[in-house]
Amino acid sequence: MKEKDTAAYVLPKLLPIFLLLGLFPFGFYTIYHLNYGEMDIGLISLANFILTSVILVQNYFKKELTWQLDALVVSTSCFLIYCCYFLGIKGLFFVFPLITVIFFYYSVRTAIFASSLLASLVVLASFHSMEANIAARVAFPLVMTIVISYLYSSTITRHRDALTLEVNLDYLTGIYNRRNINAWLSQQLKEVDEHALLALYFIDIDDFKRVNDSYGHGVGDGLLVLISKRLAGVTDEITSASFALQSKVGRLAGDEFVVVVSGIAQESEVSIFANKLLNKFKNPLIVENTKIDVHVSIGVALTQDHLMSPDTLLHYADIAMFEAKKQGKNRIGFFNQFIANKVNHKNQISLAIKESLDNNLFYLHFMPIYDVTATKIVGAEALIRNDKPELVAVGPEDYIKIAEEYGLITEIDLFVIESCFKHMQLLIPELDQQPFILAINISSVELKNEKFPDKIEQLANQYKIPPSMIEFEITETSLVDHGYKSIKLLQRIKAMGYKLSLDDFGTGYTAFNQLQHFPVDTLKIDKSFIWAIGPNYTNEELMIDVILSLAKLYKLNVIAEGVEKPHQLDYLKRLGCSQYQGYLLSKPLSWEAFTELLNINQHE
Ligand code: C2E
Ligand code: MG
Ligand code: MG
């Protein structure tokens, strides 16, 4: 298609005005010249009048105009040359507006050529019916019109080009941005057929946050620029190998890049390209004299389906990348049916969670925690429950993880905390000063939630709960994975008077000397270690011994969880473990059953 210039922006709105401005003189001259017997001019005017009217009607009904406008410009130009030949100056007047229209409609280069040709021809033609010196005088303002129109339209074109770059390129790296990639991808997807594949590589830098935190954002930005250059290098390499291949690299946001390759003939090439991308990061990058080891996780999604939307393809590649990260980073993940099913399943679970939150379908069970005698209840752990079959099928352990992934966990945690506080408000008068601590599980997501401490303070005030009666449980793994800021946040919660415990202790590979930095009161020995206690006490129990000595060293309380067999309890008692929970002593109970048990226990 012919290159349109300034016109691409202004013409759609101005076209009807231009056409009407032409229609009236064409109509007038048709009547005038036919009336005065100048049949030739009259008939050409009539032809132009009809052509202009047709275009006007087509434009009104939003029909695409291609050759029609070119035809009108050519026929008007011929008409004006003819008029200049017979009418001289009277014909020349109308050349000025036509020149400006040409500059509106065509690219600067085409307009300069066309308008100069038109001006030369009309001046030459007008020699026939006017004096040469007058024709030469008119030529001067004609040249001025061309020059001014040229300056105006080239300025607009320059601005437009700058704007186009700004809109399509990433401001930091200079490679394409999400908008451009999306547009290009949707064009490419329309054109894919069964003979060629289109692959989308979603690239995420591993631990990029650590680069920013350790070296500052300046180095982080510099690194992103270098990474984009490396990726662009790979796309050049790929496309230079075959004419059929087309490729584009872009930055979607932050440390997320995307490479699209279309026209791939064989599926085996898809992983060859992925490996090329991964291998580009074998050597460290140097930013501001700092050598930085960069690794990436790549998610690949491919398609031959022209109905696939860019968003879906990006989403698939993103999921595959996420899986690659979960598998241990610095690797390639391919989107496949297995992943698709997994995602589908997770989507369904997340919908069930949302529905349960909206309709108040979650409730709590309480698992008693016993003291060293294993007869006296000293507290309980609140555990979330839901009767929806799809949630029952997966269990809290798994649906809590999905809630974390789908950003639903904060709402769940707040629901659990508020329910616990409501129950505690009823229980406190019954306790009769007897020591009791309610343990509430919270997600590691809260360790990054600055608003969390304020929220619990507000709820505790509302339900008049003394913080010393509440213990928040966080898993050991989550604490090891989080940094200094999370520990600060826990210190804030502890300073408010709440207790903190490390859940599933022993599974998270805490460097034991790190324990002194964690502001915790209690270690909960993970069930797997309790279950490993054999009836004849073998070496398997070593871990429990270590945990108990550690707790003694750091003056921490210990709760053994998952006690199912009498010999496990005997062993723990012998080693001086002070608190227990588990199916041997009691399963998680409804609130009514739990308070009944507590009552009996209190009055024994
Ligand atoms: P957790 O905090 O380690 O909770 C203990 C889990 O072990 C509970 O499973 C409990 O029923 C089970 N358990 C305790 N003793 C025994 C035993 O003797 N034998 C056996 N076989 N199991 C025992 P549940 O309720 O399925 O919870 C699983 C995980 O889900 C919890 O592990 C916790 O990480 C999470 N979770 C549960 N409720 C909540 C909650 O309200 N909020 C949050 N954020 N997470 C929760
Ligand atoms: Mg727990
Ligand atoms: Mg646990």
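The values are calculated or read from the model by the stated rules, or taken from the named source; none is laboratory data. None of the values given here were measured: they were computed from a predicted structure. Neighbour counts are summed over all protein chains in view; Cβ atoms, including those assigned to glycine, are modelled from backbone coordinates with ideal geometry. Accessible surface is based on the protein model in full, side chains and every heavy atom, while ligands, DNA and RNA are left aside. Shrake-Rupley method; radii C 1.70, N 1.55, O 1.52, S 1.80 Å.
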Can you tell me which of (1) modelled with pLDDT under 95; (2) within 46 Å of the chain's Cα centre (by Cα); (3) surrounded by fewer than 16 Cβ atoms within 10 Å (Cβ to Cβ) is the one THR510 doesn't meet? (3)
Is there a residue being in contact with a Pro (Cβ under 7 Å, 6 or more places away or on another chain), away from ligand 2 (no atom under 16 Å from the Cβ) and not aromatic (Phe, Trp, Tyr) anywhere in segment 569-581? no
Give ILE319, ILE377, ILE298, ILE272 a once-over and let me know the one that is touching a helix residue (DSSP H, G or I) at 6+ places or on another chain (Cβ under 6 Å) and open to solvent by 20 Å² or more (accessible area, probe 1.4 Å). ILE319
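Quick one: in segment 401-444, which of the residues that are within 16 Å of ligand 2 (Cβ to nearest atom) and open to solvent by 30 Å² or more (accessible area, probe 1.4 Å) is nearest to LEU357 (Cα to Cα)?
If we filter segment 401-444 for residues that are within 16 Å of ligand 2 (Cβ to nearest atom), which is where we start, we get 401, 403-404, 409, 412-413, 416-417, 419-420, 437-444.
Subsequent filtering for residues that are open to solvent by 30 Å² or more (accessible area, probe 1.4 Å) retains 401, 404, 437, 441.
Values: LYS401: 16, GLU404: 14, ILE437: 26, ASN441: 17 Å.
Restricting to residues being within 16 Å of ligand 2 (Cβ to nearest atom) and open to solvent by 30 Å² or more (accessible area, probe 1.4 Å), the top hit is GLU404.
Among the residues of segment 55-69, what is the count of those that are assigned to a helix (DSSP H, G or I) and open to solvent by 70 Å² or more (accessible area, probe 1.4 Å)?
3
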Qualifying positions in segment 374-398 - part of a helix (DSSP H, G or I) and either farther than 20 Å from ILE349 by Cβ or more than 16 Å from ligand 3 (Cβ to nearest atom) (or both): PRO389, GLU390, LEU391, VAL392, ALA393, VAL394
Of all residues in segment 142-184, count the ones that are surrounded by 13 or more Cβ atoms within 10 Å (Cβ to Cβ) and out of contact with any strand residue (DSSP E or B) (no Cβ under 8 Å at 6 or more places or on another chain). 17
Within segment 488-500, residues being at pLDDT 95 or above and either within 16 Å of GLU561 (Cβ to Cβ) or buried (at least 19 other Cβ atoms within 10 Å of the Cβ) (or both) number 4
Step by step: first the residues of segment 239-262, then only those that are among the small types (Gly, Ala, Ser) and buried (at least 20 other Cβ atoms within 10 Å of the Cβ), then the one that is nearest to HIS295 (Cα to Cα). Which residue is that? GLY250
Expected single match for part of a loop (DSSP other than H, G, I, E, B) and among the charged types (D, E, K, R) among ASP193, ASP204 is ASP193
With the requirement that a residue be open to solvent by less than 60 Å² (accessible area, probe 1.4 Å) and either acidic (Asp, Glu) or touching a Cys at 6+ places or on another chain (Cβ under 9 Å) (or both), what does segment 204-238 give you? ASP204, ASP206
In segment 473-505, what residues are of a type in the set (Ser, Thr, Tyr) and more than 16 Å from ligand 2 (Cβ to nearest atom)? TYR484, SER486
